[in-house]
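Engineer: Right, I'll just put the structure down here and ask away after.
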Amino acid sequence: MNKKIISTLMAGSILLSFAACSKTDAEETTSATTEATVASSDETSKETTEETTKATDASTVSEDEGRIYEVYVTDRFDESIEDGVYRVSNYTFGDDLSTVTLDLYMYSYLTHEEVDNLKSGDKIYVGCWADANFDGLFDVGEMETLDNFIFVSQESGLTLIEQADGLFYINDGMGSMATDLYEEQATLKLSPDLKIVDNAYVFGKDGIKTDENSYEYSSLQEFIDDLNSDSIYTIPDLHVVVKDEVITEIYINPDLHEPWKE
């Protein structure tokens, strides 16, 4: 969960933000962006495989220009999958039910420090590497805080949702979280004591919560039987907990903004 890149750019360097989408685009726009002032970045150790770029220095941008924050994204330095929580789609369980092959996504976020420094006039850029629903530049208005929700753009409905680890996930205000592809069609082992829960609340500063509407499956086969039944509307995404490259917990349909079965 700790493999990410954040870049903080001046308003005049939007082209550089979009250039991050591909090497080709980056090469084509290099000359066009050489004059942009970019804050220096500190690369963390290879163990965490994170790079974070500090917020633009106040001396390089005027107060009325505001700052642009880009959400963290993934940069893979090795083949291992770090412990953490991930979003999953396009999954297929192995015949012996001991493995699963899937598309693994990490959640896009801002840090607590960055959120504390946000002010009206700043912008949050959720770009081409994130979920298509979030492709855009969002203006930070007069922020309104409600419990663990921070409304940063009333016009778009964009919100930041605080998590138990102090990170703020990007939410479109309609229940969908921005994500970044971590690994495509990865194969992971499933714990013999795998926990599978439907209708759980997985996003929030209090951690994963269940209530009387939550349902814990007795086995993986029971969940697969539901997936193969005529009662489903769609194949749900999953929110998974990974430890030592083994999935230990699965939470079904994490956004909960529409049912996946009758």
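No lab work stands behind these numbers, since they all come straight from the coordinates. Since the structure is predicted, the reported quantities are computational estimates derived from the model, not experimental observations. Don't worry about glycine lacking a Cβ; one is built from the backbone with ideal geometry, like all the others, and counts go over all protein chains shown.
Engineer: Quick check: residue separation of ASP244 and ILE232 times 0.36 nm, minus the Cα distance between them. What number comes out in nm?
Structural biologist: 1.1 nm
Engineer: I've got another one for you. Among 226-239, 97-110, how do they line up by average Cβ neighbours within 10 Å per residue, starting with the highest? Could you put the intermediate results ahead of the total?
Structural biologist: Details: 226-239: 14.2, 97-110: 20.6.
Answer by packing, highest mean first, reads 97-110, 226-239.
Engineer: Still on this model: Take the cross-link list LYS123/LYS209; LYS189/LYS261; LYS123/LYS243; LYS119/LYS209; LYS195/LYS261 and give me the ones stretching past 24 Å between alpha-carbons. Kindly include the intermediate steps, with their values, before the conclusion.
Structural biologist: Numbers: LYS123/LYS209 32 Å; LYS189/LYS261 26 Å; LYS123/LYS243 35 Å; LYS119/LYS209 31 Å; LYS195/LYS261 20 Å.
As for pairs spanning more than 24 Å Cα to Cα, those are LYS123/LYS209; LYS189/LYS261; LYS123/LYS243; LYS119/LYS209.
Engineer: Can you tell me the length gained on complete extension of the stretch HIS257 to GLU216, counting 0.36 nm per residue apart and subtracting the Cα distance?
Structural biologist: On the way: separation 41, 0.36 × 41 = 14.76 nm, distance 1.91 nm.
Full extension from HIS257 to GLU216 adds 12.8 nm.
Engineer: Across the stretch 86-176, how large is the tail of the calculated P(r) beyond 21 Å, expressed as a percent of all Cα pairs?
Structural biologist: 37
Engineer: Sort the following peptides by mean Cβ neighbour count (other Cβ atoms within 10 Å, averaged over residues), highest first: 249-260, 205-216.
Structural biologist: Details: 249-260: 18.4, 205-216: 11.9.
The peptides rank, most packed first, as 249-260, 205-216.
Engineer: For a test of the definition: using alpha carbon positions, the gyration tensor, and the 1.5 limit on a/c, classify the stretch 211-256 as rounded, prolate or oblate. Please list the in-between numbers first.
Structural biologist: Values: a/c = 1.66, a/b = 1.46, b/c = 1.13.
Note, shape of the stretch 211-256 comes out prolate.
Engineer: Then there is this: Using 0.36 nm per residue, how much length does the chain from ASP95 to HIS112 gain when fully extended, once their Cα-Cα distance is taken away? Write out the running numbers ahead of the final one.
Structural biologist: Working: separation 17, 0.36 × 17 = 6.12 nm, distance 4.25 nm.
Additional length available on full extension: 1.9 nm.
Engineer: Can you classify the stretch 187-226 as rounded, prolate or oblate using the Cα gyration tensor, where a ≥ b ≥ c are the square roots of its eigenvalues, rounded means a/c under 1.5, and otherwise it's prolate if a/b beats b/c and oblate if not?
Structural biologist: Numbers: a/c = 2.59, a/b = 1.46, b/c = 1.78.
It comes out oblate by the Cα gyration axes.
Engineer: What FRET efficiency comes out for the pair SER176/SER80, r = Cβ-Cβ distance, R0 = 41 Å, nearest 0.05?
Structural biologist: Numbers: r = 29 Å, r/R0 = 0.70.
That gives a FRET efficiency of 0.90.
Engineer: Taking the simple approach of a point 7 Å from Cα along Cα-to-Cβ for both THR187 and LEU146, what is their distance in nm?
Structural biologist: Here the answer is 4.7 nm between the modelled labels.
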